[in-house]
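In what follows, a single structure is set out as structure tokens and then discussed.
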Amino acid sequence: MTQRLFELLLFVALGSAWGLRHASAGWAVAGTLAGAVLWSLLDGLRARRLLKWFNTADTTQSPKFSGIWAELFERSRKIIKQQERRTEESNARLDNFLAAIQASPNGVILLDAEGRIEWVNLTAAHQLGLDQQKDVGQYIQNLVRSPVFKTYFLGDDFSTEIQIGGIGARPSVPSKISVQIHPYGHQRKLLLTRDVTAVELADTMRRDFVANVSHEIRTPLTVLSGFVETLQHIPVSEADRNVYLGMMSQQAQRMQMLVSDLLTLSRLEGSPAPGPGDWIHTEDLLTPAIQETRALSSVIAQPPHAITPGPKSAFLVSGNKSELHSAMSNLLSNAVRYTPAGGAIRTGWQLRPDGWAEFFVEDSGPGIAAEHLPRLTERFYRVDSSRSRETGGTGLGLAIVKHVAQRHGGQFNVTSTIGKGSTFSIALPPSRVQPKFID
Ligand code: ADP
């Protein structure tokens, strides 16, 4: 301030001194005024330079000022710099925040008061078929065309979520998206989406499973209670009584097998996968399995099947012995149950050229049409229901086999030709095989 005053006085003094050279009071006043005007012009120019700098507010530039203008410039520069830093920090925070929402497995859409898209993350764009860039500014109800969504969006009850079909949903490729709106701010809306296809599918599977189990149990139970009532209320001969009791025991056995297979499945699903530690000689698995199969065949087939082992190829496999045994017996008993009496069954363990160890069962049975093959391992899926039930099948055998294979990191395979027979196999990966071991 004192500097400016000094400057002004200097200009005025110089002006009046210049006037006084003419030795006239009028000139002295004119000189003083001229000095003051000149100083004002100079000061105005400095103010203009500062204002010009304000236009760009480029804090990297530092125009030369002096006195109070230099201080004004320096303070302004500091405030602008601080402001810039704050803006940068809040931009970085916003970027982080958006990146986090972007990475969210749930879809997020921000809508303005009119229902136009302000921001949409990748998940929501993918689930609802939106374009993350092009659809910004578009009305959401024009893009999500489901009538259920329209009614929900235009209504005012957002307390519950709704479910709409996802993009490309078809009966064979189901896709369900859950959508919920959360109003916020001034009539703005946050729209959250979640892919619930798997949850829905699991729910349907659970319902189907309960219905199937109930159905499987109801039939033998009805037969059993029918016979119990007959025996209780109607006098029957000794011979009839024995027939009835035989049938009752058959139905009880059927239920027992069903419960036992259900327990096996739930054990397989609920326990950790077998570690690689237990090494088993393939012959120790094969020999008892073949003996059991021959015994079963001699009971249910007249003449029994010709059951032959494949080429001897002994090695070690690692896994859970009882699980592997259960999978092998399921495949072998199926071959016996579905191959007509006297048919041929060949079975064994073999090493594939790719290092995998494969247990195979080849039969000369009726074969299975190609359209059934992908569904064979579904629980309770049967190609030939009457044959399955007649021979004590539960419809769970191949589901167990597939589970065992998967738990060992292996594969389950079927090839079949109608009228010629089928080959079922489970293969274990090279990490579960010690190929060089020969007894
Ligand atoms: P099930 O207890 O009914 O035999 P599985 O899960 O073991 O149940 O088998 C599913 C279905 O696959 C069977 O019902 C049967 O129709 C068919 N199947 C299984 N193995 C054979 C086979 N070796 N030959 C022909 N059909 C078979």
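The values are calculated or read from the model by the stated rules, or taken from the named source; none is laboratory data. Here the structure is a predicted model, which means the values were calculated and not measured. Using ideal geometry, Cβ is built from the backbone for each residue, glycine included, and neighbour counts are taken over all protein chains shown. Protein only, heavy atoms only, side chains kept; ligands, DNA and RNA dropped before computing areas. Shrake-Rupley method; radii C 1.70, N 1.55, O 1.52, S 1.80 Å.
Condition test on Val361, is it within 30 Å of Ala252 (Cα to Cα), without any contact (Cβ under 8 Å) to a residue 40 or more places away in the chain and either over 27 Å from the mean Cα position of the chain (by Cα) or open to solvent by 70 Å² or more (accessible area, probe 1.4 Å) (or both)?
Answer is no for this residue.
Specify the residue that is modelled with the lowest pLDDT; the eligible residues are those in region 121-156 that are out of contact with any helix residue (DSSP H, G or I) (no Cβ under 8 Å at 6 or more places or on another chain) and of a type in the set (Lys, Arg).
It comes out as Arg145.
Going by what's in this entry, would Lys189 be described as surrounded by 15 or more Cβ atoms within 10 Å (Cβ to Cβ) and closer than 16 Å to Thr123 by Cα? Don't jump to the end; show me each part of the working.
On the way: surrounded by 15 or more Cβ atoms within 10 Å (Cβ to Cβ): yes; closer than 16 Å to Thr123 by Cα: no.
So Lys189 does not fit the description; no.
Check region 275-286 and report whether any residue there is surrounded by 13 or more Cβ atoms within 10 Å (Cβ to Cβ) and more than 30 Å from Pro435 (Cα to Cα).
No, every residue in region 275-286 fails to be surrounded by 13 or more Cβ atoms within 10 Å (Cβ to Cβ) and more than 30 Å from Pro435 (Cα to Cα).
Of all residues in region 303-321, which are open to solvent by 30 Å² or more (accessible area, probe 1.4 Å) and under 15 Å from Trp279 (Cβ atoms)? Show your work before the answer.
As a first pass, look at region 303-321 and keep what is open to solvent by 30 Å² or more (accessible area, probe 1.4 Å): 303-304, 306, 308-309, 311-313, 320-321.
If the condition is that a residue be open to solvent by 30 Å² or more (accessible area, probe 1.4 Å) and under 15 Å from Trp279 (Cβ atoms), then Asn320, Lys321 are the ones that fit.
Just one of (1) in the same structural domain as Leu143 (by TED's automatic domain parsing); (2) in contact with a helix residue (DSSP H, G or I) (Cβ under 6 Å, 6 or more places away or on another chain) trips up Phe11, so point out which.
That leaves (1) as the condition not met.
Return the residues of region 287-302 that are at pLDDT below 95 and either open to solvent by less than 10 Å² (accessible area, probe 1.4 Å) or not assigned by TED's automatic domain parsing to the domain that holds Leu332 (or both); say none if nothing qualifies.
Across region 287-302, the qualifying residue is only Ala301.
Counting only residues that are within 28 Å of the chain's Cα centre (by Cα) and within 13 Å of the ligand (Cβ to nearest atom), how many does region 388-412 have? Talk me through it step by step, then tell me what you get.
Taking region 388-412 and keeping what is within 28 Å of the chain's Cα centre (by Cα), we get 396, 398-412.
Then keep just the ones that are within 13 Å of the ligand (Cβ to nearest atom); that gives 396, 398-404, 412.
Here the count works out to 9.
From the list Leu332, Leu351, Leu373, pick out the single residue that is within 16 Å of the ligand (Cβ to nearest atom), open to solvent by 20 Å² or more (accessible area, probe 1.4 Å), on the phi < 0 side of the Ramachandran plot and of a type in the set (A, V, I, L, M).
On inspection, the qualifying residue turns out to be Leu373.
So how many residues does region 220-272 have that are surrounded by 13 or more Cβ atoms within 10 Å (Cβ to Cβ), in contact (Cβ under 8 Å) with a residue 12 or more places away in the chain and not charged (D, E, K, R)?
Qualifying residue count, region 220-272: 19.
Within region 234-257, can one find any residue that is under 30 Å from Pro429 (Cβ atoms) and in a helix (DSSP H, G or I)?
no
Applying the selection to region 354-370, what residues are of a type in the set (D, E, K, R) and more than 9 Å from the ligand (Cβ to nearest atom)?
The answer is Asp354, Glu358, Glu362.
Can you confirm whether region 414-421 contains a residue that is outside the structural domain of Gln251 (by TED's automatic domain parsing) and either away from the ligand (no atom under 13 Å from the Cβ) or acidic (Asp, Glu) (or both)?
Quick first cut of region 414-421, residues outside the structural domain of Gln251 (by TED's automatic domain parsing) only: 414-421.
Restricting the remaining residues to those that are either away from the ligand (no atom under 13 Å from the Cβ) or acidic (Asp, Glu) (or both) gives none.
No, there is no match, as no residue in region 414-421 is outside the structural domain of Gln251 (by TED's automatic domain parsing) and either away from the ligand (no atom under 13 Å from the Cβ) or acidic (Asp, Glu) (or both).
List pairs: first residue in region 368-382 and in the same structural domain as Asp261 (by TED's automatic domain parsing), second residue within 8 Å of the ligand (Cβ to nearest atom) and open to solvent by less than 50 Å² (accessible area, probe 1.4 Å) anywhere in the structure, Cβ distance under 8 angstrom, at least six positions apart or on different chains.
Nothing qualifies.
For Arg346, only one of the following conditions fails: (1) of a type in the set (Lys, Arg); (2) in contact (Cβ under 8 Å) with a residue 12 or more places away in the chain; (3) away from the ligand (no atom under 15 Å from the Cβ). What is its number?
Failed condition: (3).
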